[in-house]
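Peer 1: Below you will find the structure I want to go over with you.
The values are calculated or read from the model by the stated rules, or taken from the named source; none is laboratory data. Note that the coordinates shown come from a computational prediction; the quantities given were computed from them, not determined experimentally. So basically every Cβ, Gly included, is an ideal-geometry build from the backbone, and we count neighbours across all protein chains shown. Ligands, DNA and RNA are stripped out before the accessible areas are found, and what is left, the full protein with its side chains, is counted by its heavy atoms. Shrake-Rupley method; radii C 1.70, N 1.55, O 1.52, S 1.80 Å.
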Amino acid sequence: MSDEKPSNNPEWPDFIPPDFEQSIDSAPREPAAPPPPVTGPVLPPPTGPSTQSNWSARPRAGAGDRWFNQPSRAGSASGWRAWSPATGSGPISVTNVLMLTCAVVWMLQNLSSTFNDFVMLIPDAADQQPWRFITSAFAHSPRSLTHIGFNMLTLWLMGRFIEPLLGRWKYLAVYLIAALGGGAMFVLLAFPPGQGPGGYGMNWYSGLVGASGAVFGLFGAYLVIALVLKRPLASIWVLLGLNVVMTVIYPSIAWQAHLGGFLAGMAATAVVVTDMKRTATRRSSVLWPGLAAVTVLIIAAIVVKYLTV
C-alpha cells in the first residue's frame, strides 16, 4: 500500500525508486564472436563438467547479466524461473494488470468522493468493511499524479524482475499478502479512540490509500531472494534507509503500512522459496498451505486488535 495518508504533502512520493541497472563483474559475458541465431533463451556457459543450471540469460548488448539471471554461488538454483520473452501472456502480465487496476480505481476516485470513501482504509470502519484492507492498496490520493505516478513506476521496476522469477500466481499471492499486511500494521499501530497523544484517537479515523505497502512487500521479496542466492544487498539497504529518512521528513507518510507490507512480503516469499527447494528435491509442496498460514496469521492479528479496542 503506498501508504500515504491522502491529506498531507501529496506532491512527494513515499518511496525512492531502486536502481537495478548495475552489472555483475563476475557474470558470464557474451562471446566475442556473434552467436548463431537461436529461438529460445541463451544459457550461460558451464563452469565445469559437473555444473548444471536451469537459469537462462537474456542477451543484452553492452551490459552484464543481472544477479537474478545467474546461478547462485552456493550452487544450482533449481526451481527458479528465468527471464524469457516467450512466457505465455507476457513476462509481467500480472504487474501490468495491477498497474491498470490502480489507474482505473484512481480515475473513479477523482470522479466520485463516495467511491473514494468506499475504498480507502479507515480503521474505525474496516472491522465492518474488511474489503478496505485490499481496496486501499489499489487507491491513491485523488488529483495527485505524483502519488500514483511514483508508486506505479516503482511497481513496474520491481515487478518486471520479480514476477518472471516467481511466476505469475506466486507473484500475485506475494503482492496481495503484502497489501493485506500493510493495512493490518496500520490498524495494529493506530491509537484507539480515547488513547494516544492528546487523549484522542490519532489515525483511528484517518483514511489510508496507496500501493506502496504492497510495493514494500516486493522490496521484502527482493531481500529474501538476494539472501537465498547470496547476492549483494547494498542496494536494498540504501533504498530502505532513504525511505526511513523520507518518513522522518514527511510525517504524512504511513510508515506503519510500509513496515507491515515489507514484513508480510518477506514472509510470503520465504514460503515460496521453501517450496521451491522442496519441489526441486521431489518433496511435497507446501506453497499454498504456507501462504494460507501467513494470511491467517495476519487476519488473526487484525481480529485481536478489534476485539481489544
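Peer 1: Taking the range 246-297 as the search range and keeping residues that are in a helix (DSSP H, G or I) and of a type in the set (S, T, N, Q), which one is nearest to Tyr175 (Cα to Cα)?
Peer 2: Per the criteria, the residue is Thr269.
Peer 1: Give the residues of the range 79-112 that are modelled with pLDDT under 95 and of a type in the set (A, V, I, L, M), sorted by residue number.
Peer 2: Within the range 79-112, Ala82, Ala86, Ile92 meet the criteria.
Peer 1: Separate question: Can you list residue pairs whose Cβ atoms sit under 9 Å apart, with the first residue in the range 225-253 being of a type in the set (D, E, K, R) and the second being at pLDDT below 85 and exposed (fewer than 12 other Cβ atoms within 10 Å of the Cβ)? Count only pairs 6 or more apart in sequence or on different chains.
Peer 2: Lys230/Arg73; Lys230/Ala74; Arg231/Arg73
Peer 1: Take Tyr250 and tell me if it is under 17 Å from the mean Cα position of the chain (by Cα) and among the aromatic types (Phe, Trp, Tyr).
Peer 2: no
Peer 1: Out of contact with any Leu (no Cβ under 6 Å at 6 or more places or on another chain) and either closer than 15 Å to Tyr175 by Cβ or surrounded by 17 or more Cβ atoms within 10 Å (Cβ to Cβ) (or both), is that true of Ala234?
Peer 2: Answer is no for this residue.
Peer 1: Could you tell me whether the range 198-205 includes any residue that is part of a helix (DSSP H, G or I) and either of a type in the set (D, E, K, R) or at pLDDT below 90 (or both)?
Peer 2: Scanning the range 198-205 turns up at least one residue that is part of a helix (DSSP H, G or I) and either of a type in the set (D, E, K, R) or at pLDDT below 90 (or both).
Peer 1: Identify all residues within the range 141-151 that are part of a helix (DSSP H, G or I) and open to solvent by 20 Å² or more (accessible area, probe 1.4 Å); write none if there are none.
Peer 2: Leu145, Thr146, Gly149, Phe150
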